[in-house]
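Please treat every number below as a calculation from the coordinates, not as lab data. Keep in mind that what you see is a predicted model, and the values were worked out from it rather than measured. Reconstructed Cβ throughout: ideal geometry from the backbone, glycine too, with neighbour counts over all protein chains shown.
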Amino acid sequence: MKTFIFFFGPPASGKGTQIELLMKKASFKIISIGKLLREERKKRSEIANLIKLHLDKGELVPDEIVELIIDKELKKIGANEKIIFDGFPRNQNQLTLLDNRLKKISSKDDKIYAIYVRIDSQEIKRRLGGRRSCECGSTYHIEFNAPKKTGVCDSCEKKLFTRADDNSRVISERIKIFQTEFGPIMSYWKKKNILIEINGEQDIKVVSADIENELRDLKIIK
Ligand code: AMP
């Protein structure tokens, strides 16, 4: 019996952290499209050049390339494996692709669920808008992880700055993209009764406990 879990959430939802925490509880295979694309990008090929073009602009990579990568990964899935998908599907085309592939590779007793780490727009803006960065790579948050001296890096004492994609206009754009991409996918999964909504605005440990409780109830983890 296989288990497929589709993890998703808006920017700053803490989805990545939650996947890492879940890995400590049970052995899941992670299929992260973003990570696979970054690996593929390093190769010297026509596809790598095409991937680079889209990745660098923060745009979605064309569905044909995502299909190639997904198909390669699906072939490697073992009979009793538990798989977490991070960053897939991200549009209607990819959702259709997923449904087609699941019809071929999954059986009736396989478990298929989607975990949605929910935080509202205001909280996204609070989390991303408060982020401050330093040239040396250190990052801070004015509320949750403030530097000792306001606006100055603890490690190298340089002046902190706000990253271009953390400004409020770009943040609003990223939120809009998320809602447009996932709105229809979410409604579809809700109708199929496979959507698990988690309140991502709680403490990291509470969010993690909520996810574990849900998966325990479904007998996916012990
Ligand atoms: P992530 O690691 O999820 O933040 O994704 C990094 C980048 O990879 C995104 O900005 C997109 O350019 C690309 N990407 C990730 N997932 C997908 C997907 N399902 N379809 C197309 N492009 C994707």
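DSSP loop trypsin sites (Lys or Arg not before Pro) in the range 128-212 with at most 16 other Cβ atoms within 10 Å of their Cβ, which ones?
Filter output for the range 128-212: Lys148, Lys149, Lys158, Arg163, Lys192.
List the aspartates and glutamates whose Cα lies under 15 Å from the Cα of Lys148, skipping any in the same chain that are fewer than 8 positions away.
Once the sequence-local aspartates and glutamates are set aside, what remains near Lys148 is Glu157.
Suppose every Lys and Arg Cβ carries +1 and every Asp and Glu Cβ carries -1, with no other charges. What dipole size does the chain come out with about its Cα centre, to the nearest 20 debye?
360 debye
Can you give the FRET efficiency to the nearest 0.05 for Glu123 and Glu46, using r as the Cβ-Cβ distance and R₀ = 45 Å?
Numbers: r = 41 Å, r/R0 = 0.92.
Computed FRET efficiency for Glu123 and Glu46 comes out at 0.65.
Give me, ordered by chain and number, the residues 5 or more places off Val152 or on other chains with an amide H under 5 Å from its own placed amide H.
Those qualifying (amide H under 5 Å, at least 5 residues apart or on another chain) are Leu160.
Can you tell me how the range 125-222 classifies by the Cα gyration tensor, rounded, prolate or oblate, using a/c under 1.5 as the rounded cut? Intermediate results must be reported in sequence, preceding the final value.
Numbers: a/c = 3.82, a/b = 1.75, b/c = 2.18.
Because a/c hits 1.5 or more and a/b fails to exceed b/c, the range 125-222 counts as oblate.
In whole Hz and in residue order, list the ³J(HN,Hα) couplings for the range 76-93 that follow from phi through the Karplus curve 6.51 cos²θ - 1.76 cosθ + 1.60, θ = phi - 60°; x for Gly and Pro.
Each residue of the range 76-93 in turn: 8, 6, x, 4, 10, 7, 10, 10, 10, 9, 10, x, 8, x, 10, 7, 4, 4 Hz.
Quick check: Cα centre of the range 131-173 to Cα centre of the range 63-94, how many Å?
35 Å
What value does the range 51-139 have for Rg/Rh, both radii from Cα atoms and Rh as Kirkwood defines it?
On the way: Rg = 17.6 Å, Rh = 16.4 Å.
Taking Rg over the Kirkwood Rh, I get 1.07.
Over the range 1-157, what portion of Cα pair distances is larger than 26 Å, expressed as a whole percent? Write down the numbers at each step before the final one.
Working: 5133 of 12246 pairs.
Everything past 26 Å amounts to 42 percent.
Per residue of the range 52-57, what does 6.51 cos²θ - 1.76 cosθ + 1.60 with θ = phi - 60° give for ³J(HN,Hα)? Whole Hz please, x for Gly and Pro, Karplus curve as stated.
4, 3, 7, 4, 5, 9
Using θ = phi - 60° and the Karplus relation 6.51 cos²θ - 1.76 cosθ + 1.60, list the HN-Hα couplings for the range 135-143 in order, rounded to whole Hz, with x at every Gly or Pro.
After applying 6.51 cos²θ - 1.76 cosθ + 1.60, I find 3, 6, x, 6, 10, 9, 9, 4, 9 Hz.
Using a Förster distance of 30 Å, how high is the FRET efficiency between Ile30 and Val170, based on the Cβ-Cβ distance and rounded to 0.05? If you can, show how the numbers build up before the last one.
On the way: r = 28 Å, r/R0 = 0.92.
Rounded to the nearest 0.05, the efficiency is 0.65.
Under the definition of Cα pairs under 8 Å and six or more residues apart, what whole-number percent is the relative contact order of the chain?
Numbers: 265 pairs, mean separation 65.8, N = 222.
Normalised by residue count, the contact order of the chain is 30 percent.
Taking Cα pairs under 8 Å and at least six residues apart, what relative contact order does the range 80-199 come out at, in percent?
On the way: 100 pairs, mean separation 40.5, N = 120.
Relative contact order comes out at 34 percent.
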